[in-house]
Amino acid sequence: MMLGQRTWKLLRQARVQRVHGGSCATTCSFREASVQQRRGKKTAGFGAPDSGSSSAKTESPPQAKGGKGAPASELEQYEMEQNAKHEKEEQAADRELVLKWLQLGLIGLLAPLAAWYTFSQQMAKREAGFKVSEFKTVGKAAVGGNWTLVDMDGVPRTRADFYGKWPVMYFGFTHCPEICPVELHRLGVVLDELRKRFPSRDLTPLFVSCDPLRDSGREVRSYLSEFHKDFVGLVGTPEQVADICKSHRIYYSKPTNLEAQEGDYLIDHSIAIYFFDDQFEFVEAFGPRWNADEIIDKMTRIFNE
């Protein structure tokens with residue numbers, strides 16, 4: 001079968017490109033053009049495919065006039081366009097994936113910062129609520145009352161057992177991760193210095209547990225030994241703890257039933273160190289904004305009055 005003049009021209013160009021280092025893709029494109037041209041001659045005279053068929057809906061390589069295959073340059077351009085299209089789609093998918101990872105990373109970075117900010121704001125509000133003014137107060141706070149608890153040896157104790165002493169009272173719980181250890185250490189420093197200045201006053205530190213479900217006398221003893229040897233630990237039933245906290249204006253949270261069963265929970269409670277006289281009458285309260293030196297100076301002035 002005789003080939004067309006244009007086909008022979010394309011074949012000659014392909015041979016020249018092979019000699020001069022032409023690409024395989026170009027050569028293959030020329031061969032494909034030749035084959036399509038032959039098929040075009042065979043099918044010449046037959047009707048065109050129905051425009052409503054499924055083949056009309058799919059994108060196909062460009063066709064030359066008369067049913068012959070497109071020139072190599074047009075086929076190359078078509079292939080380049082398709083490759084560029086696929087490359088753009090892949091780039092868009094990559095950008096979308098990178099964007100998703102950036103969003104996840106940003107959330108992972110901001111979440112701890114937001115939690116820290118919320119915690120610091122809550123601590124600031126709580127500390128502000130228990131701030132004791134440095135101005136002289138008028139009158140006496142309604143703090144104190146009768147109570148019954150049990151010490152670390154299992155001996156029942158009441159308010160009357162501490163008459164003649166100068167009790168210093170703090171409310172907390174042994175599972176406290178941060179606040180209680182700081183406050184108990186500060187109280188120990190204050191206690192040692194005031195005892196040096198006023199040896200005649202029998203200052204007695206009392207620790208009242210506001211966690212009746214977990215704190216026993218043995219656990220309280222072990223906990224307090226880390227801070228000062230003279231601490232007297234007091235525990236009680238939920239009702240007894242509720243009574244003494246109410247009479248001493250101490251707020252404390254209670255665990256849910258599920259938390260109580262699992263035994264894993266924290267207690268939010270008031271932060272204050274109470275000083276009482278030898279008749280267990282309220283003298284002064286110090287919140288977390290008072291450092292050890294300020295408490296010592298204030299109690300020194302009170303004892304010297």
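The values are calculated or read from the model by the stated rules, or taken from the named source; none is laboratory data. Model, not experiment: these values are computed from the prediction. Positions of Cβ are backbone-derived with ideal geometry, glycine not excepted, and every protein chain shown enters the neighbour counts. Calculation scope for accessible area: heavy atoms of the full protein, side chains included, ligands and nucleic acids excluded. Shrake-Rupley method; radii C 1.70, N 1.55, O 1.52, S 1.80 Å.
Of all residues being under 36 Å from the mean Cα position of the chain (by Cα) and open to solvent by 30 Å² or more (accessible area, probe 1.4 Å) in region 276-292, which is nearest to Arg186 (Cα to Cα)? Just the residue, please. Reasoning before the result, please.
The initial filter retains those residues of region 276-292 that are under 36 Å from the mean Cα position of the chain (by Cα), namely 285-292.
Among the residues that remain, those that are also open to solvent by 30 Å² or more (accessible area, probe 1.4 Å) are: 288-289, 291.
On the way: Pro288: 10, Arg289: 12, Asn291: 8 Å.
Among those that are under 36 Å from the mean Cα position of the chain (by Cα) and open to solvent by 30 Å² or more (accessible area, probe 1.4 Å), it is Asn291.
Quick one: in region 249-267, which of the residues that are in contact with a Phe, Trp or Tyr (Cβ under 7 Å, 6 or more places away or on another chain) and part of a loop (DSSP other than H, G, I, E, B) is most open to solvent (accessible area, probe 1.4 Å)?
Within region 249-267, the match that is most open to solvent (accessible area, probe 1.4 Å) is Pro255.
Looking only at region 208-227, decide whether some residue is of a type in the set (Val, Ile, Thr) and open to solvent by 30 Å² or more (accessible area, probe 1.4 Å). I'd like the intermediate steps shown before the answer.
Kept after step one, since they are of a type in the set (Val, Ile, Thr), are these residues of region 208-227: 208, 220.
Still in the list and also open to solvent by 30 Å² or more (accessible area, probe 1.4 Å): none.
No: zero hits.
Take the residues in region 162-180 that are loosely packed, with under 14 Cβ neighbours inside 10 Å and on the phi < 0 side of the Ramachandran plot, then tell me which one is farthest from the chain's Cα centre (by Cα).
Going through the qualifying residues, I end up with Tyr163.
Evaluate region 181-189: report whether one residue or more is among the β-branched types (Val, Ile, Thr) and open to solvent by less than 60 Å² (accessible area, probe 1.4 Å).
No - not one qualifying residue is present in region 181-189.
Listed here are the residues, each with its yes/no results for (1) within 19 Å of His228 (Cα to Cα); (2) touching a strand residue (DSSP E or B) at 6+ places or on another chain (Cβ under 8 Å); (3) part of a helix (DSSP H, G or I); (4) at pLDDT 95 or above.
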residue: Val143; (1), (2), (3), (4): no, yes, no, no
residue: Asn146; (1), (2), (3), (4): no, yes, no, no
residue: Leu149; (1), (2), (3), (4): no, yes, no, yes
residue: Asp161; (1), (2), (3), (4): no, no, yes, yes
residue: Val168; (1), (2), (3), (4): yes, yes, no, yes
residue: Phe171; (1), (2), (3), (4): yes, yes, no, yes
residue: Cys176; (1), (2), (3), (4): yes, no, no, no
residue: Pro199; (1), (2), (3), (4): yes, no, no, no
residue: Leu206; (1), (2), (3), (4): yes, yes, no, yes
